[in-house]
Every structure is written in C-alpha cells, then in structure tokens.
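Report on the structure given below.
Just so it is clear, none of the values below were taken in a lab; they were calculated from the coordinates. Keep in mind the model is a prediction, meaning the values are calculated, not measured. Don't worry about glycine lacking a Cβ; one is built from the backbone with ideal geometry, like all the others, and counts go over all protein chains shown.
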Amino acid sequence: MPRLLTAFATAILCLTFGAGPVMASDKIDKTVETEKATIHVATFADELDHPWGLAFLPDGRMLLTERVGRLRIVDKEGGLSYPVAGLPDIDVRGQGGLLDVAIDPDFKKNKFVYLSFTEPGKNGQNGTAVLRGKLAEDMNEPRLTDVKVIFRQHPKVDGSGHFGSRLVFDRKGHLFITLGERYFDSVRGQAQDLDSDLGKIVRIWPDGSIPKDNPYADDGGPEGDARPEIWSYGHRNVQGAAIEPKTGKLWADEHGPKGGDEINVIEPGRNYGWPVVSFGVNYDGSPVGTGEAYAPGMTDPIYHWTPSIGVCGMAFYTSDAIPEWKGDLFVGGLAKPRLVRLEYEGEKITHTENLLTGLHERIRAVKQGPDGALYVLTDSSSGQILKITGAD
C-alpha cells in the first residue's frame, strides 16, 4: 500500500511539481433532501489541485488525475499515494494538462492504464494525446512502465483551450476519445473537416490501431482523405461521455458557446453540427455559423441547456444502493456549479433535477463506484472527491 501523504507533504510535492501550494479546503458532510431520495454528501479526499479524471481499480481503489500533471492512487479510505512516476512531458496551461484516466477492461491481467493529456509540440503548439502504460506499485513508489503514446490529435495548435477529452471503453473493448476543436475561429471550422481530428470523437483499439469497421477506416470520406480513427464529427468540446447500459451506445455531453450545451447520442459517421449550427451564440452575441439550430444532414442533440451550465462528466447510475436513482443519468456543471440528475426514456430526456447547488462547487467528473456510491470531483485548486450515498 502506498504511503499516505500528510498535508505538509502534499504541499511540498505541489511546490516540487510546479503546481503551487494547494489551499486547505473545507470538508463537506451534509444530508440533502432531493426530489426522490435523501442523500448524504461527504468529503472522501481533499487537498487536490484541479482533479480531472477518476477510474476505479478492481480492488475498489481509485486512480485520480490532477490537471497540474499528477496521477494518484486513492485508497479505500481516501488516502492519497505519492504521484505515480513515469509520465511524459505535459503542457500544463489554461485548460490543458493531465486530463482523463481509464483502466483496461482486462486490467487484472495486463495492468494497463490509459491517460489523456496535453502533449507539447513545436513552437508552442500542443494537442490532446493518449498514452498507455502498465501500473507498477512498489510500496512508496508507484509508477507507469512500458509507456507508449497510442494516439495524437492531428493537427497540433498553439492554444490553451478545448482539448476534450474523455476516455471510454465500450463493451467490445474499443476505446473512444473525445476531442475539442481548440476554440479559435481560425481552426474551429476543422470540426467539419474529415482530414482533421479537431472537434471529433475517435475510436481506436487499446494498442492504437484502427478498427476495420470505423466509418472512414477505408478512407471513405466525401473527399477520400478522411482520417480513419474518426467515429463522429462536428463537436465543440466534449467533456463527458459514458456507455448507456441498455443499448451499449456512447452518450456524450458537449460545451456550447454562450448557450447551447448539449447531450448527444453518438452514432458512427454522424455530423453533430458545430460550428455550422448551435443552440447558442458566440460570446460577443453574434450568431454561430448559419445562425440556425438545425440543418439538414446534421444530428440534433437529445437535450440542450440555454443558458449554458458548462457540462462536464457523465455517469449512468445502475446500482440499487440508491434505488430511487437507479436508471438515471448524472452530469456535472462547471459554469453553473451543480450536479444534474436526468431521467430519460429511450433517447428522450423527460425530467431534470439540479443537485448540490448550495455547495457552490464546480463539478468536473462523476463516476459510480463499485459500492454503488456516486463520486464527484470538484474543480478548484482545493478540489475534493465527494462521496454521495443514501442517507441512513
């Protein structure tokens, strides 16, 4: 078991790794009445610097990323390991840094871990990349070995925004990677271009190879130059994604501009419209693209928020631990701090409830744990893992 960090050691490590000191955060311990259930919300781990991604190991421990470039192991009591060694150079600026984490479906045998991160390039350029490495635990020195970058977004851009990027395995072992369109007017139009990875969701095998049944695997794009990893396109900045448990389809939530955050059901080869159509407007109030919300040949979201809440993270709740919530969808909010519970039938959202608004905490990620609790990450320099259970 990795040695636990004291608050002093955590602060020293933050300085050592160039993240600046993490300020102490107020621990949360509240009972909350919701529409369907009385819940208990409590701090599970704290003193985290912009926690971003969370994945559960088979034994119930967690892997946690901090955007400043740290990967941690979190034990079952909320204790934090020293940062996992073996990570490559990461361009930590703006929205970039160490982002999502996922474990291999066959982790018990192969120990593979997957991380998305902002990879530096030439002349200040950067882009989303995904690595695979084996998790080795040596008491006080956890590390990744056999590290290999299995995907690089093309092209790299000089900027600090809209990197995506969630990592999701489907039931057949494919790895989905969500990719932002990098924000700037000069490049965001590439979300419509099949020879670019900007504004796309891509699907690969865990070793980085391309599945033969990807929609453009045979270079079958309209101009014959489509990138074979592309699964869907016309996305702005997808920061939540999960597999719907009944159908096995990928669902994703996506940041709009000023208005127009979306939930989409992702289908292969579909165009989701950005930046041609949007339910929002540009930040200066000017229309996006055509100024319309719909267009022939473009797939509409199944739900949208205007004004935007800054959607982030996504989880389907399948446990009996909070039976009143079984079958619901959960999405975090950054711009309007909250956790949203959504009821749905088929591919139609039928009801929503805003939760945790009184905490005033930006929610970066939400995951269901093996114990049936919901775990959410609060996005700040004094971030926490919050554990949500049914109240006794």
For a quick size check, give me the Cα extents of the stretch 40-84 along its three principal axes, largest first, whole Å. 28, 23, 16
Once the mean of 1/r over all distinct C-alpha pairs in the stretch 165-213 is inverted, the Kirkwood radius in Å reads 11.7 Å
Determine, from the Cβ-Cβ distance of Asp225 and Asp89 and an R0 of 25 Å, the FRET efficiency 1/(1 + (r/R0)^6), rounded to the nearest 0.05. 0.25
Could you check which residue among Pro51, Pro257, Pro245 shows the biggest mean-square fluctuation in a GNM of the chain with a 10 Å Cα cutoff? Pro245
Check the straight Cα-Cα distances from Lys246 and name the aspartates and glutamates below 15 Å, setting aside those fewer than 8 residues away within the same chain. Asp170, Asp328, Glu343, Glu345, Glu347
Can you give the convex hull volume of the alpha carbon atoms of the stretch 29-106 per residue, in Å³? 149 Å³
If you take the Cα Rg of the stretch 275-356 and divide it by 2.2 N^0.38 Å, with N the number of residues, what do you get? 1.30
Most positive-pole-ward Cα, Thr247, Thr299, Gly53, against dipole of the chain from beta carbon charges: Gly53
Using the C-alpha atoms of the stretch 320-364, what convex hull volume per residue, in cubic angstrom, is computed? 91 Å³
Equivalent ellipsoid semi-axes for the stretch 78-139, as square roots of 5 times the alpha carbon gyration tensor eigenvalues: give them largest first, rounded to whole Å. 24, 14, 10
Taking the stretch 201-285 on its own, what percent of its Cα-Cα pair distances exceed 19 Å? 46 percent
Label zone at His351, where the point sits 7 Å out along the Cα-to-Cβ direction: the stretch 296-326 residues whose backbone N lies under 13 Å: 324-326
Charged-residue dipole, Cβ positions (Lys, Arg, Asp, Glu), the chain about Cα centre, Debye nearest 20: 620 debye
Averaging the inverse of every distinct alpha carbon separation and then flipping it gives the Kirkwood radius. What is it for the stretch 98-239, in angstrom units? 15.6 Å
Peptides 69-76, 142-149: what's the order by average Cβ count within 10 Å, highest mean first? 69-76, 142-149
Please report, in cubic angstrom per residue, the volume enclosed by the convex hull of the alpha-carbon atoms of the stretch 50-159. 94 Å³
For Ala37, put the label point 7 Å out on the Cα→Cβ axis and report which residues of the stretch 285-316 keep their amide N under 14 Å from it. 315-316
What order, most packed first, do the peptides 313-320, 282-289 have when packing is the mean number of other Cβ atoms within 10 Å of each residue? 313-320, 282-289
Taking the chain as a Gaussian network, Cα atoms linked when under 10 Å apart, which of Asn237, Asn110, Asn123 shows the biggest mean-square fluctuation? Asn123
Give me the percent relative contact order of the stretch 7-390, please, defined on Cα pairs under 8 angstrom at least 6 residues apart. 14 percent
Of every Cα-Cα pair in the chain, the percent that sits beyond 39 Å: 12 percent
